[in-house]
1. Rounded, prolate or oblate, given the Cα gyration tensor of the range 159-274, with a/c below 1.5 counting as rounded?
2. In the Gaussian network model of the chain, springs joining C-alpha atoms below 10 Å, which of Val143, Val183, Val347 carries the largest mean-square fluctuation?
3. Where a ≥ b ≥ c are the square roots of the eigenvalues of the C-alpha gyration tensor, would you call the range 316-367 rounded, which needs a/c under 1.5, or, failing that, prolate if a/b is larger than b/c, or oblate?
4. Round to the nearest 0.05 the FRET efficiency obtained for Asp308 and Asp3 when R0 = 45 Å and r is the Cβ-Cβ distance.
5. Assuming 0.692 mPa s and 37 °C, estimate D for the range 37-274 with Stokes-Einstein, Rh taken as the Kirkwood radius over Cα pairs, in µm²/s.
6. Suppose R0 equals 35 Å. What FRET efficiency, 1/(1 + (r/R0)^6) with r the Cβ-Cβ distance, do Ala244 and Phe14 give to the nearest 0.05?
7. When the Kirkwood radius is taken over all Cα pairs of the chain, what Stokes-Einstein diffusion coefficient follows at 25 °C and 0.890 mPa s, in µm²/s?
8. Using label points projected 7 Å from each Cα along Cα→Cβ, tell me how many nm separate Glu371 and Phe63, to one decimal.
Amino acid sequence: MTDIKDLRVVLDRFRAQQRRSDVAVNLVPSENRLSPLAQMPLSTDYYNRYFFNDALDPGFWQFRGGQDVADVETDLTIGHLSRLADAPYVNPRPISGLSAMMIAMAGLGGEPGGTVVSVEAASGGHYATAGMARRFGFDSATVPVLRGQVNEERFSEILRERQPDLVYLDLQNSRHELEVSRVAELVRAHSPRTLLHVDCSHTLGLVLGGALGNPLDAGADTMGGSTHKSFPGPHKGVLFTRSAELHQRLKDAQFTMLSSHHFAETLALGLAAAEFRHFGPAYAEQVLANARLFSKLLAADGFDVAADEDGHTTSTHQVWVTIGDAERTDRFSASLYDHGIRVNVQVDLPGLPGPVLRLGVNELTFIGGREPAVHALAREFSNARAGVRRDGGGSRRVREQCGPPFHFVEFS
Ligand SMILES: Cc1ncc(COP(=O)(O)O)c(C=O)c1O
C-alpha cells in the first residue's frame, strides 16, 4: 500500500516538475497555457460540482453547488464566446475536441446508415473521425485535402452519389488555412440537404482572433472544436451555430452523451474568452507572424522546413521540420528537452513519411514571444543541432527575449 511518505515524494515531484514547466518553452501545437485568471476556477469548489440548470429555472435547483456562479457559465462564458464567433448559439459543454466531435456527429449525422464525409487522415484529417462515424453506425467517406483545398472532383462525386447527411471537416495537420467557402458552394450545388460542420480544433484561436476566416461566414452550418490548442483556454470543447434548430439538435445530443461537463473548466473557459476579447486579434496575428518568421530563420540556417514549390511555409500556427531518421529526431528532441524546450514528433504528417517535428508557436506567443524570442528560439535549434551550449539554459534564453504576455498580468 502507498503510505504518506510515498505521497510526499509524489508531491515533491509535481512541485519540481511544475517549476520546470513554469519556465519551459512548449512548442506542441495542440497545447497552450492557461492564464492565471483562467486557471483560478480550477482550484475552487466548483471543480467538485455539477451544474445542470442552464435555463436558471428557480424551481429546478436539484444540484445547488454551482447555483451562485451559474450565470458565469450562462452569461460570461456563452456571451463572450458568442461574440468572438459571431454566433448566437454556443454549447460550451463538450469536454474536449473529441467530445465535441462525438456530440456534433451524433446530433447532425442523421439516421444510422447515412454517410458522414471527413478529411482523409493521410491528408491531414483527424485519425479518429472516420472510425467514430462507423461506430455511430454511419457510412464513412473521406476526401483528400491538399494545401487547404478539398479535392473538388472527389468531393463532388461523393456528394452526388451518396447525398451525405453530414460533411465533417476535421483538418488537423495543416500548414494552410482550410478553404471552407468552396466546400459550402459544392454542398449547395450537389447535395443541398447536407449539413456542413467545421472542426477547427487546431486553429480555433486563430479563427476567434480573426486571423483566419470564420467558417460560419464561409457557409458552414456549425463549427467548433478544442479550446486548448491555438485558443489559450482550458482542456474543453465548444460548438457554435447561427441556427436555433441545429443548436437544439446539438443540445439534445449533448444531453444524452455528456452529463458532467466539468463545470469549473467551463468557468475557466469564460474567463479565458473574456481575456481573449481584449487581445485575440493581436495574439492571432502575432502567432502567424511568429510561425512565418520561425520557418524563415530555420530554413535560412539549413533546416529542412516543409514548404511548397512557391516557398510558402505556413499560414497557420504549425511549422514542420524534418530532422532525419527516428534516432536523430529523437536525439534532437531530447537535447532540446534538456534545455526546457519541448517539441512534438509526428510520424503521419501529410506528404512527409517518417518522423517530423510538428511545431506550434501558439503557446510561446501567448506568453509574450515576438520577433526577438523567435530569433532566440531559432538559435537554440541551431545550438542543439551543433551539440553546443549544453547548459540547459535554452528555454531561459528564449524567455528572456519575451515581452509582455497576451493575458492580464495583474492576476498573476
Ligand atoms: C480536428 C480535430 N478534432 C478533434 C481533435 C481532438 O481534440 P481533443 O484532443 O481536444 O479531444 C483534434 C486534435 O488535434 C483535432 O485536430
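Where a number appears in this text, it was derived from the coordinates with a stated rule and is not lab data. Quick caveat, the model's predicted, so the values are computed rather than measured. Counting neighbours? That spans all protein chains shown, and the Cβs are built from the backbone with ideal geometry, glycine included.
1. Note, shape of the range 159-274 comes out oblate.
2. Comparing Val143, Val183, Val347 in the GNM, the peak value goes to Val347.
3. oblate
4. In this case the efficiency is close to 0.15.
5. 183 µm²/s
6. 0.15
7. Once the numbers are plugged in, D ends up at 110 µm²/s.
8. Result for the modelled spin labels: 5.1 nm.
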